[in-house]
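Participant: The structure that follows is given in the form of structure tokens.
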Amino acid sequence: MTQAANGLVQQHTEHGITTVTLSKPEQRNSLSMAMLEALSEVFTALENDADTRVVVLAAEGKVFCAGHDLREIRSQFDSHEFQLALFRQCSKVMQQIVNLPKPVIARVAGVATAAGCQLVASCDLAVAESGARFATPGVNIGLFCSTPMVALSRNVSRKHAMEMLLTGEMIDAGRAERLGLVNRVVAPEALDDTVYQMAATIAGKSGHALKVGKAAFYRQLEMPLSEAYDYTAEVMAGNMGAADAQEGISAFLDKRNPKWQDK
């Protein structure tokens, strides 16, 4: 287990799966500027880490992430520059997750609120234990969850996103699954097995295909239908020229297991 930025984030890699753990449970794993900078540092390093095929984002303690550190925010009430820098740094980290060329799975135990809910929504996949809860409660304290809204509105329907944003009410894991915020809800004792079985399944695929597919998925989402099809046709034609695609097709036809080169 390695640590980044004074132990705010821990990192461990095994069998191609890197677990990134928020490690400030006494502060409810809040996204202080220091925590966001630590996460950014980790994701930057993982981008070209050949040993990492899949990332699991986890947290210590009973709270996955309570969002921004409100005490830090209050201490900087008079600094617009700090507030802008904080929300820009948070936005940077969320985009790093989306742009990371490896799938990211959120392992959610406990509460994920405000920017913590944003963190879950920004991951490619999410598995929650049955006691997990989610909210974007900024409206309750006069600070609308405007940046969390970006990730939330891209994962759940417009009206459900607006309900969470306008009411600030907590939803349970079952409803989060029905809304599309998480993929699966499991008993607490099954959380790790479910997360790491999913991660292992994905880690067994071609790293090149995962990189190409993840990037194309997010890019085509923002396109009109015909443009999306034109773009993904180009992506698939390019992907077909990759060594792994040719190996995978040949292995399938020859009824053998493929040997990935990740290129």
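Participant: Would you kindly derive the ³J(HN,Hα) couplings of segment 16-29 from the backbone phi angles with the Karplus curve 6.51 cos²θ - 1.76 cosθ + 1.60 (θ = phi - 60°), listing them in order in whole Hz, with x for Gly and Pro?
Facilitator: Once rounded to whole Hz, the list reads x, 10, 9, 9, 10, 10, 5, 10, 10, x, 5, 10, 6, 6.
Participant: Using DSSP to define loop residues, name the GluC sites (Glu not before Pro) in segment 114-181 whose beta-carbon has at most 15 other beta-carbon atoms within 10 Å.
Facilitator: Glu169
Participant: Ordered by residue, what ³J(HN,Hα) values in Hz, to whole numbers, does segment 100-117 give under the Karplus form 6.51 cos²θ - 1.76 cosθ + 1.60, where θ = phi - 60° and Gly and Pro are x?
Facilitator: 4, x, 9, x, 10, 10, 7, 9, 9, 10, x, 9, 10, 10, 6, 5, x, 5
Participant: Further, regarding this structure: Hey, can you grab everything whose amide H is under 5 Å from the amide H of Val186? Only 5+ residues off in sequence or another chain; H modelled, so Pro and N-termini drop out.
Facilitator: Amide H neighbours of Val186, under 5 Å, 5+ apart: Ala128, Glu129, Ser130.
Participant: Can you tell me the orientation of helix 191-203 relative to the chain, as the angle in degrees between its alpha-carbon axis and the longest Cα principal axis, to the nearest 10?
Facilitator: On a 0 to 90 degree scale, this one is about 40.
Participant: Sticking with this structure for a sec: Specify the angular offset, from 0 to 90 degrees and rounded to the nearest 10, of the alpha carbon long axis of helix 243-253 from the longest principal axis of the alpha carbons in the chain.
Facilitator: 60 degrees
Participant: Compute the long axis of helix 80-99 from its Cα atoms, compare it with the longest principal axis of the Cα atoms of the chain, and write down the angle in degrees, 0 to 90, nearest 10.
Facilitator: 20 degrees
Participant: Can you give the net charge of the other residues whose Cβ lies under 11 Å from the Cβ of Asp192, counting K and R as +1 and D and E as -1?
Facilitator: So the surrounding residues net to -2.
Participant: Right, here's the next one. Past 30 Å, Cα to Cα: identify those pairs from Lys102/Lys255; Lys92/Lys205; Lys62/Lys211, in the order given.
Facilitator: Over 30 Å apart, Cα to Cα: Lys62/Lys211.
Participant: I've got another one for you. Starting from the amide H of Asp262, placed 1.01 Å from N in the peptide plane, find each other amide H under 5 Å away whose residue is 5 or more places distant or on another chain.
Facilitator: Gly207, His208
Participant: Would you indicate which of (1) 13.7; (2) 15.3; (3) 14.4 is the value of mean projected area of the Cα convex hull in nm² derived from the coordinates of this structure?
Facilitator: Answer by label: (2).
Since every read-out is calculated from the coordinates, none of them should be taken as a lab result. All of these numbers come straight from a predicted model, not from anything done at the bench. Don't worry about glycine lacking a Cβ; one is built from the backbone with ideal geometry, like all the others, and counts go over all protein chains shown.
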